[in-house]
């Protein structure tokens, strides 16, 4: 039996708060062997992160740790600060959930990486720079040497997370603690980061503790799994035991709640309503919508201005009772398109018609009169709810604006009657947002948007920050509300699993352009565009055997700059004019099957419909 690199025995963590003692971790015990990946899963508040922070000696001042945490023979509980400093970053490293708050904002990436090498390896100068560049290249960051001189805010979320991985691995640690390392990442970047961590485990014998609530990631990465609930371990076992023969009801609930791209219609979950007939008049008609922003790329007073094409000629129809899923990586224009449809940002070109009426040039007064039919649910409910207003006041505010004929008592009655429809107790009406959980606040956001019974609801990453069980509840709620009220929905997400559960049709965006649009079955079972194939391939499935066996479609390189006119032609390089400022060819959408449109690309030689089109064109 291999000697464990990390041995945790009867770990207890308590926090003194104004409301009394909080027992965050209640006597957990587990081991991690060299070259092993241990998954710690559970929902928010289960004690996952605190267990990892205790191993690093990073518990807050009001916390008390008891029990034993032995790392490579060294007792970490009660260890001197000097002992912890020698181990942290050198032999034991941690990847934190939010890289923007974990990286120092006023130091360049290079300065932060060189600091680690100077402290633990006494490595400086060109030797340190070379090690930094090597690791940035290993985590697939393009133009690695140039990135050393950039600050964290100049990098995308995915690149910041990869910088965190590089910093954590600089000194070749024996143990890597990864706390939700992929939660904020696009599925393609998530796949790259997970592949990198798997390579490190296999090539260097690094032990990994992977903390997550994503059971798909666990199925792909872990050898053994620990399931935590309310600070206690409720089940532990090998990956196959946990997924194929779970014993605890909580483990079964977690697995059942995980969205599966290969199983959109699961037993016990609400079924999506039928797709509206093609003869039904569209509620929303978008034609060649473009949204552009001027960006100063030269710097200084006389810098050169280039137009960022956030949305570049998007067209679609949406019928009552239909959900259109919009997917793509960060920066593809999903949220900007949603705001253009609602006229929250001005369109540069194109038209959006709502119920047959062009609203593109409508003035503010006209739009204010239509807002009761056009609603949006944002990603972060706490950021979109006024912390000074009670839940009841927040939900009633749209009634105050759009139904001034109602008195206070009538508004309160409507709110109390509506709360059960979104799964909330009417007794919560006088609570404030900070007194509710994330899932409850998201339901408040949905209730606020639905209280006026709108005809169009846009969900902008509305479930991405939620635990899987809460996410499942909110998705079920949206499906039920759609069937009850017949509303049209635009559901924006980078998670194709959730999108397939809730959507009738799916539209895939890449750098502001549509590359594929089809019904949810065709998108998964008959994807034609290489970008769509890569997105689907990157989605982890909560099935270890499937994850071990399937071949992945990988995109080479990083997402190119949207300011480069050549970038949208990444999949059609045969027509590129090699000039970043030149006017480029605009790939056309081709109908390869009824209702299935695919953008032209270089890898379409095997698509009969496109062959036929080429023959006709010739």
**Item:** region 140-157 - residue that is within 23 Å of the chain's Cα centre (by Cα), part of a helix (DSSP H, G or I) and more than 13 Å from residue 561 (Cβ to Cβ) and, of those, modelled with the lowest pLDDT
**Value:** 157
**Prompt:** Looking at 388, 411, 416, which one is in contact with a helix residue (DSSP H, G or I) (Cβ under 6 Å, 6 or more places away or on another chain) and more than 25 Å from residue 473 (Cβ to Cβ)?
**Reply:** 411
**Message:** One residue is enough: does region 369-376 have a residue meeting the conditions assigned to a helix (DSSP H, G or I), without any contact (Cβ under 8 Å) to a residue 40 or more places away in the chain and over 30 Å from residue 293 (Cβ atoms)?
**Reply:** no
**Complete:** Counting only strands (runs of 3 or more DSSP E) wholly inside region 1-108, the ones holding at least 2 residues that are modelled with pLDDT of 90 or more and surrounded by fewer than 20 Cβ atoms within 10 Å (Cβ to Cβ) are 6-17, 20-32, 63-71
**Asked** Where in region 197-286 are the helices (runs of 4 or more DSSP H), entirely inside, with at least 2 residues that are surrounded by fewer than 16 Cβ atoms within 10 Å (Cβ to Cβ)?
**Response** 239-244, 249-257
**Request:** List the number of the failed condition for residue 202; all other conditions in (1) touching a helix residue (DSSP H, G or I) at 6+ places or on another chain (Cβ under 7 Å); (2) under 16 Å from residue 548 (Cα atoms) hold.
**Result:** (1)
**Residues satisfying the stated conditions in region 181-196, i.e. at pLDDT 80 or above and surrounded by fewer than 19 Cβ atoms within 10 Å (Cβ to Cβ)** = 195, 196
**Request:** Inspect all residues belonging to region 541-548 and state whether any of them is surrounded by fewer than 17 Cβ atoms within 10 Å (Cβ to Cβ), farther than 25 Å from residue 373 by Cα, touching a helix residue (DSSP H, G or I) at 6+ places or on another chain (Cβ under 6 Å) and in contact (Cβ under 8 Å) with a residue 12 or more places away in the chain.
**Result:** no
**Message:** Give me the residue from region 453-505 that is within 20 Å of residue 383 (Cα to Cα) and at pLDDT 90 or above and, out of that set, surrounded by the fewest Cβ atoms within 10 Å (Cβ to Cβ).
**Reply:** 457
**Prompt:** Any idea which of 358, 363, 380 is modelled with pLDDT under 90, over 25 Å from residue 470 (Cβ atoms) and surrounded by fewer than 19 Cβ atoms within 10 Å (Cβ to Cβ)?
**Reply:** 363
**Request:** Answer yes or no: is there a residue in region 289-312 that is within 24 Å of the chain's Cα centre (by Cα) and either assigned to a loop (DSSP other than H, G, I, E, B) or not assigned by TED's automatic domain parsing to the domain that holds residue 510 (or both).
**Result:** no
**Asked** Taking the stated definitions as given, is residue 382 assigned to a helix (DSSP H, G or I), in contact with a helix residue (DSSP H, G or I) (Cβ under 7 Å, 6 or more places away or on another chain) and on the phi < 0 side of the Ramachandran plot?
**Response** yes
**Asked** Considering region 405-436 alone, what residues qualify as being outside any helix (DSSP H, G or I) and either at pLDDT 90 or above or surrounded by 13 or more Cβ atoms within 10 Å (Cβ to Cβ) (or both)?
**Response** 405, 406, 407, 423, 424, 431, 432, 436
**Prompt:** On the given criteria, is residue 194 more than 27 Å from residue 498 (Cβ to Cβ) and touching a helix residue (DSSP H, G or I) at 6+ places or on another chain (Cβ under 9 Å)?
**Reply:** no
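Is it the case that residue 351 is touching a strand residue (DSSP E or B) at 6+ places or on another chain (Cβ under 7 Å) and surrounded by fewer than 16 Cβ atoms within 10 Å (Cβ to Cβ)?
So residue 351 passes the test.
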**Message:** It is to be established whether one or more residues within region 116-134 are touching a strand residue (DSSP E or B) at 6+ places or on another chain (Cβ under 6 Å), modelled with pLDDT of 90 or more and farther than 23 Å from residue 26 by Cα.
**Reply:** no
**Asked** Does residue 390 satisfy the criteria of being more than 28 Å from the chain's Cα centre (by Cα), free of Cβ contacts under 8 Å to residues at least 12 places away in the same chain and either surrounded by 14 or more Cβ atoms within 10 Å (Cβ to Cβ) or in the same structural domain as residue 484 (by TED's automatic domain parsing) (or both)?
**Response** no
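For every residue, the table says whether it meets (1) under 27 Å from residue 10 (Cβ atoms); (2) outside the structural domain of residue 468 (by TED's automatic domain parsing); (3) modelled with pLDDT under 85; (4) in contact with a strand residue (DSSP E or B) (Cβ under 8 Å, 6 or more places away or on another chain).
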residue: 218; (1), (2), (3), (4): yes, yes, no, yes
residue: 225; (1), (2), (3), (4): yes, yes, no, yes
residue: 230; (1), (2), (3), (4): yes, yes, no, yes
residue: 236; (1), (2), (3), (4): yes, yes, no, yes
residue: 240; (1), (2), (3), (4): no, yes, no, no
residue: 250; (1), (2), (3), (4): yes, yes, no, yes
residue: 263; (1), (2), (3), (4): no, yes, yes, no
residue: 269; (1), (2), (3), (4): no, yes, yes, no
residue: 275; (1), (2), (3), (4): no, yes, no, yes
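Being over 20 Å from the mean Cα position of the chain (by Cα), on the phi < 0 side of the Ramachandran plot, modelled with pLDDT under 90 and assigned to a helix (DSSP H, G or I): is that true of residue 137 here? Before the answer, list the steps.
Numbers: over 20 Å from the mean Cα position of the chain (by Cα): yes; on the phi < 0 side of the Ramachandran plot: yes; modelled with pLDDT under 90: yes; assigned to a helix (DSSP H, G or I): yes.
Judged against the criteria, residue 137 is a match.
The values are calculated or read from the model by the stated rules, or taken from the named source; none is laboratory data. It should be emphasised that the depicted structure is a prediction, and the values quoted were computed from it without experimental measurement. Cβ atoms come from the backbone with ideal geometry, glycine included; neighbour counts cover every protein chain shown.
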